[in-house]
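I have a structure here, written as C-alpha cells, and I will follow up with some questions on it.
Please treat every number below as a calculation from the coordinates, not as lab data. Treat the numbers as computed from the prediction; the structure is a model and nothing was measured. Reconstructed Cβ throughout: ideal geometry from the backbone, glycine too, with neighbour counts over all protein chains shown.
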Amino acid sequence: MLASEIIKRPLITEKSMQLVENDNKYTFEVDKRANKIQIKKAVEELFDVKVLKVNVINTTPKKKRVGQHQGYKNELTKAIVTLSKDDKIEIFSS
C-alpha cells in the first residue's frame, strides 16, 4: 500500500486541536487494513517528521435515523500519532 492510500485525511475537531497544542499529537483517518507500523512509515514519508508513537481506534458503525429513513454511519479507523517535540505538521496550523 502507498503512503497516500494509508492516510486518507486529517481529522480536525476541537478535541484533536487540543491534542495538537498540548501533547503534539495529530489525528488522521486511515485505511482499515493498515497496521501501526505502516501508519508510522506513511506519516514519516508524507510529512517528513519523526513519529514516536501510534494509537489506533476502530469505531463501529452507528445507527442513524432521519425521519422515516434509517441507515448506518460509516465505519471509521482513526490514528492518533505522537510526534517528537521539534516536529510539526503544517496542515493543522491555522
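Tell me, GLU90, GLU44, GLU21 in order of fewest to most beta-carbon neighbours within 10 Å?
GLU90, GLU21, GLU44
What label, among [x] 13, 15, 14, 13, 10, 9, 8, 7, 6, 4, 1; [y] 14, 26, 30, 18, 9, 1; [z] 15, 46, 25, 10, 3, 0, belongs to P(r) over Cα pairs in 10 Å bins from 0, in percent computed from the structure on display?
[z]
Using the 10 angstrom Cβ neighbour count as an exposure proxy, how do ASP31, ASP86 rank, fewest first?
Least crowded to most crowded, the residues run ASP86, ASP31.
Measuring from label point to label point, each 7 Å out along Cα→Cβ, what is the GLN68 to ALA3 span in nm?
With each label placed 7 Å out from Cα toward Cβ, I get 5.1 nm.
Find out how many positive minus negative residues lie around LYS78, taking Lys and Arg as positive, Asp and Glu as negative, among other residues whose Cβ is under 13 Å from that of LYS78.
Numbers: positive: LYS8, ARG9, LYS15, LYS25, LYS32, LYS36; negative: GLU29, ASP31, GLU75.
Once all neighbours under 13 Å are counted, the net charge is +3.
Now, a different point. May I ask you to evaluate 6.51 cos²θ - 1.76 cosθ + 1.60, the Karplus curve with θ = phi - 60°, for each residue of segment 7-13 and list the ³J(HN,Hα) values in order in whole Hz, giving x for glycine and proline?
8, 7, 6, x, 9, 10, 10
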